[in-house]
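Contents: one structure, followed by commentary.
The values are calculated or read from the model by the stated rules, or taken from the named source; none is laboratory data. A quick note: this is a predicted structure, and the numbers were derived from the prediction, not measured. Every residue, glycine among them, receives a Cβ derived from its backbone with ideal geometry; neighbour counts consider all protein chains shown.
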Amino acid sequence: MDLATHSSGVKATPATRSAFTLRPFNEPYSSCLRANGRKTFKWDLSAFVLGPVNVTVSASAERSQTCGTEVVIVPERGRTDVVTRSLLVLPEGVERTNAQSWLLCPKDVRLTFLTNVIQGSARCSVSVLGDIMGRALKNLNRLIQMPYGCGEQNMIVLAPNIYILQYLEVTGQLTAAIRQTATGYLQSGYQGQLNYRHSDGSYSTFGYDESNTWLTAFVLRSFGLATRFVFIDPNVLQSAKDWLISQKGSNGCFMQRGTLYHNDMKGGVDDNVTMTAYITASLLELGVPVTDPVITNALSCLRPVVGNLGNTYATALLTYTFSLAGETRTRSQLLTILKNLAISEGTKLHWSQATSGDTLAVEISSYVLLAVLSVQPLSTANLTHANRIVNWLVAQQNPYGGFSSTQVTTKHECIKLLSGFMADTSPLGSPPNSFAPLVERIDARDDHVLVYLKEVPKIVPMSYNLQLKQILAVKNLKPAVISVYDYYQPSDSFETTYTSTCP
């Protein structure tokens, strides 16, 4: 019997579950289904648990249903159809993760949950690993990532891939599968970065803006390390090096060009001092001899400021630079300064800028650690000193074994969409040149909209419009969260909530 040419009476019945309730939506759940017709049935769903919830509804043809004067057909086969769909139930509010790490497993551990935790959303796990980087190795899928974004963002994602490959290779843990994935990402990131390369070999954040000295040095340093794993055009490396050398002043210092977005890296010193130390360290790491005139002139520029830095970040960076250069006297002088600036906490030791958070402290302390370990052979005193720094660094790891990055500052606005709504981002503009003021990029991902804002002024209020369109009716609608944060220092953040004004 051809159902496409006949009518049938249909009744829809939801399956009961303890995870949710389905309440009638004030309409009958049986209907006459005409040939080639369709019918929509609605229920109000209230979930009692978090996570995936399977909702099952069956539709069956029944003789008891009437279709006016038409004959109701009930097929012998296929009279019942069952459909199951999975709904993801998420807690309202903002997800928070509190990670605590120790170099040695303590006997007594106390974990304290944050207040105002959504019931049923709290989770806790404990792991004991025999490798300092063990947590990172268990979460390589979160640390080895495909580079993307502007010239700065692309490098921030690309660089960790290089360091992870180095560590795995040195420790004999680099598998063929990991190498293939990571090198594939390196090649993609390398090609992507060339989009921000200028004809003179320098780099900038967006490719069309002024060449950036810091970014060019970072690219040169990273690409130089990457040559061990992927092909990097030697001309790309040489042209970046030549451009950096061309930025050297008559006193041997490198001159700053372009916009540096991470203001904390400047600290309280002249930009050229920190930049010169960074570029000099990069060139030394790439094998440029200390006797090269560029290096000797740069070191001559840095020596006079050693005793007058007044800035922990610059002191740590210069200590590492002079350690690479093998200047033990200057290195010793700087280490003595750092000793007086150290923050001692039992078996832990670290350094921090007075005006900065833990993100910059990780970078400062890492430079000191590199400086301490740079002299061979290592003495017992140096090993003990290094161990206290490592002890503190391990405690700063996030749940995935990584650390926060501190290279540039770009504000992000993360808008979580209300349940049942989709976003129309057209009021914010579209690429390449029609975005709203300060907006650099817009990403719509699942139930979030990410807005990249460049150089947000501190005092001038900025207003942006985003249209939400309701695609599904949701009762008892919960507020959604809007987060504004520094992309490379997420602890710099502000959050608020919003809800629909529609009835």
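Taking the stretch 403-437 only, how many residues are closer than 16 Å to Asp209 by Cβ, modelled with pLDDT under 80 and not β-branched (Val, Ile, Thr)?
3
Please work out if Gly172 is of a type in the set (Gly, Ala, Ser) and modelled with pLDDT under 85.
So Gly172 fails the test.
Just give me the residues in the stretch 290-308 being outside any helix (DSSP H, G or I) and touching a helix residue (DSSP H, G or I) at 6+ places or on another chain (Cβ under 7 Å), in sequence order.
Across the stretch 290-308, the qualifying residue is only Val290.
Based on this model, can you work out whether Leu317 counts as among the aliphatic types (A, V, I, L, M), crowded, with 16+ Cβ neighbours inside 10 Å and either over 31 Å from the mean Cα position of the chain (by Cα) or in a helix (DSSP H, G or I) (or both)?
Considered against the rule, which asks whether it is among the aliphatic types (A, V, I, L, M), crowded, with 16+ Cβ neighbours inside 10 Å and either over 31 Å from the mean Cα position of the chain (by Cα) or in a helix (DSSP H, G or I) (or both), Leu317 comes out as yes.
Residues that are acidic (Asp, Glu), modelled with pLDDT of 90 or more and either in the same structural domain as Tyr196 (by TED's automatic domain parsing) or out of contact with any Ser or Thr (no Cβ under 7 Å at 6 or more places or on another chain) (or both): does the stretch 260-271 have at least one?
Looking through the stretch 260-271, none of the residues is acidic (Asp, Glu), modelled with pLDDT of 90 or more and either in the same structural domain as Tyr196 (by TED's automatic domain parsing) or out of contact with any Ser or Thr (no Cβ under 7 Å at 6 or more places or on another chain) (or both).
I'd like the residue in the stretch 272-289 that is over 23 Å from Gly258 (Cα atoms) and in a helix (DSSP H, G or I) and, out of all such residues, is modelled with the lowest pLDDT.
Restricting to residues being over 23 Å from Gly258 (Cα atoms) and in a helix (DSSP H, G or I), the top hit is Glu285.
Does the stretch 32-39 contain at least one residue that is within 30 Å of Ala473 (Cα to Cα), at pLDDT 75 or above, in contact with a Gly (Cβ under 7 Å, 6 or more places away or on another chain) and surrounded by 12 or more Cβ atoms within 10 Å (Cβ to Cβ)?
yes
Which one of the conditions (1) buried (at least 19 other Cβ atoms within 10 Å of the Cβ); (2) in contact with a helix residue (DSSP H, G or I) (Cβ under 9 Å, 6 or more places away or on another chain); (3) under 28 Å from Ser202 (Cβ atoms) does Gln166 fail to meet, given that it meets all the rest?
Gln166 satisfies every listed condition except (1).
Residue check: is Leu165 closer than 29 Å to Gln353 by Cβ and in contact (Cβ under 8 Å) with a residue 60 or more places away in the chain?
The answer is no for Leu165.
Would you call Leu360 buried (at least 20 other Cβ atoms within 10 Å of the Cβ) and more than 22 Å from the chain's Cα centre (by Cα)?
no
If Gly307 satisfies every condition in (1) modelled with pLDDT of 90 or more; (2) over 36 Å from the mean Cα position of the chain (by Cα) but one, which is the exception?
Of (1) modelled with pLDDT of 90 or more; (2) over 36 Å from the mean Cα position of the chain (by Cα), only one is false for Gly307: (1).
Can you go through Gln470, Gln489 and tell me which one is at pLDDT 85 or above and surrounded by 13 or more Cβ atoms within 10 Å (Cβ to Cβ)?
Answer to the check: Gln470.
Which members of the stretch 215-239 meet the condition of being free of Cβ contacts under 8 Å to residues at least 60 places away in the same chain, under 15 Å from Gly287 (Cα atoms) and either touching a Phe, Trp or Tyr at 6+ places or on another chain (Cβ under 8 Å) or not assigned by TED's automatic domain parsing to the domain that holds Tyr203 (or both)?
Phe223, Leu237
What number of residues within the stretch 380-403 are small (Gly, Ala, Ser), under 15 Å from Leu335 (Cα atoms) and surrounded by fewer than 17 Cβ atoms within 10 Å (Cβ to Cβ)?
Of the residues in the stretch 380-403, 1 are small (Gly, Ala, Ser), under 15 Å from Leu335 (Cα atoms) and surrounded by fewer than 17 Cβ atoms within 10 Å (Cβ to Cβ).
Tell me which residues, restricted to the stretch 124-141, are part of a helix (DSSP H, G or I) and within 12 Å of Ile164 (Cα to Cα).
Those that are part of a helix (DSSP H, G or I) and within 12 Å of Ile164 (Cα to Cα): Gly134, Ala136, Leu137, Leu140, Asn141.
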